[in-house]
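In what follows, a single structure is set out as structure tokens and then discussed.
The values are calculated or read from the model by the stated rules, or taken from the named source; none is laboratory data. The shown structure was predicted, so the numbers you read here are calculated from the model rather than taken from an experiment. Backbone-built Cβ (ideal geometry, glycine too); neighbour counts: all protein chains shown. Each accessible area value is taken on the protein alone, full model and side chains, heavy atoms only, with ligands, DNA and RNA left out. Shrake-Rupley method; radii C 1.70, N 1.55, O 1.52, S 1.80 Å.
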Amino acid sequence: MRYTTIKEHYQLNGDIRDREVRVIASNGDMLGIMSAQQALHLAEEENLDLVKISPNAVPPVCKIMNYGKFKFEQAKREKENRKNQKVMELKEIYLSMTIDVGDLNVKAKKAIEFLTEGNKVKVSIRMRGRQMAHSAMGVDVMRRFFDLMDGKATMDKAPVTEGRNILMILSPAK
């Protein structure tokens, strides 16, 4: 994933080559449509920058502002958003069609642990040989596994046979 810098998003001062731009003053007032040179002259009179904030509009919208302060606040806002973002992982638990009750309980405890951490859990059974003919047994094992969750999970995707696998996806209960 490539992070783009704020500089790549906005054109400033002399980089703005449009014939006409809609200008917003530093206090938020609409100054109207004028040439880019006039707008740049107004910005220089106030010792501020002319920043193109909406390049796709017709005519493009430019604002007179302190670009350094704007860039700082934008970076601060992005950092705050990244900090508040919760990354949810998908953990996987493998079962077998012939799993015993004790082993099923151990796997269920581990799944509950993953769910309380806020992660999703993908439960899967890989069928081998003759088990392919009895996929209903695998679905029953999945249902028993879900019953062991004690309401700590909700089923995002019910047990479904996909080729040789039976898959079920669980997410934390609200």
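How about the range 61-151: which GluC sites (Glu not before Pro) there lie in a loop by DSSP and see at most 15 other Cβ atoms within 10 Å?
Here the sparse-neighbourhood loop sites are Glu89, Glu117.
Which listed residue (Leu31, Phe70, Ile99) has the Cα farthest towards the positive end of the charge dipole for the chain, taking +1 on Lys and Arg C-beta and -1 on Asp and Glu C-beta about the Cα centre?
Farthest towards the positive end: Ile99.
Could you please report the charge total around Val121, scoring K, R as +1 and D, E as -1 over all other residues with beta-carbon less than 13 angstrom from its beta-carbon?
Here the charged neighbours net out to +3.
Compute the signed sum of charges (Lys and Arg +1, Asp and Glu -1) over the other residues within less than 12 Å, Cβ to Cβ, of Arg77.
+2
Relative contact order of the chain, please, whole-number percent, based on alpha carbon pairs below 8 angstrom and at least 6 residues apart.
On the way: 252 pairs, mean separation 26.9, N = 174.
Dividing the mean separation by the residue count of the chain yields 15 percent.
Give me the dipole magnitude in Debye, nearest 20, for the chain about the Cα centre, with unit charges on the beta carbon: positive for Lys and Arg, negative for Asp and Glu.
It comes to approximately 840 debye.
What percent antiparallel are the DSSP beta bridges of the chain, to the nearest 5? Provide the component values of the computation, followed by the final result.
Values: 25 of 34 bridges.
Around 75 percent of the beta bridges assigned by DSSP in the chain are antiparallel ones.
Taking 10 °C and 1.306 mPa s as the conditions, I'd like the Stokes-Einstein D for the chain in µm²/s, using the Kirkwood hydrodynamic radius from alpha carbon pairs.
Here the translational diffusion coefficient equals 76 µm²/s.
Mean shadow of the range 115-174, computed from the convex hull of its alpha carbons, in nm²?
3.9 nm²
Just to verify a number: FRET efficiency for Glu117 and Gln74, C-beta to C-beta distance, R0 = 41 Å, to 0.05?
Between Glu117 and Gln74 the formula returns 0.80.
Please report the net charge: other residues with Cβ closer than 14 Å to the Cβ of Met30, K and R +1, D and E -1.
Every neighbour counted, the sum reads +1.
Which whole-Hz couplings ³J(HN,Hα) result when phi for each residue of the range 127-139 is put into the Karplus expression 6.51 cos²θ - 1.76 cosθ + 1.60, θ = phi - 60°, listed in order with x for Gly and Pro?
Result, ordered by residue: 8, 10, x, 5, 4, 4, 6, 10, 5, 4, 5, x, 5 Hz.
With all protein chains present, how much of the accessible area of the range 1-150 (probe radius 1.4 Å) comes from carbon and sulfur, to the nearest whole percent?
49 percent
Are any of the pairs Lys63/Lys86; Lys110/Lys157; Lys91/Lys152; Lys71/Lys120; Lys107/Lys174; Lys71/Lys174 more than 27 Å apart by Cα-Cα distance, and if so, which?
Violating the 27 Å Cα-Cα cut-off are Lys63/Lys86; Lys71/Lys120; Lys71/Lys174.
Please report the relative contact order for the range 33-72, taking Cα pairs under 8 Å with a sequence separation of at least 6, and give it as a percent rounded to a whole number.
32 percent
Cα centroids of the range 60-90 and the range 137-174: how far apart, whole angstrom?
40 Å
Using only Cα atoms, tell me the angle between helix 101-116 and the longest principal axis of the chain; keep it within 0 to 90° and round to the nearest 10.
The angle comes out near 10 degrees.
As a test of the formula, what do you get for the chain when each DSSP H run with n ≥ 4 contributes -39,500 (n - 2.57) and the sum is divided by the residue count, at 222 nm and rounded to the nearest 500 deg cm²/dmol?
-10500 deg cm²/dmol
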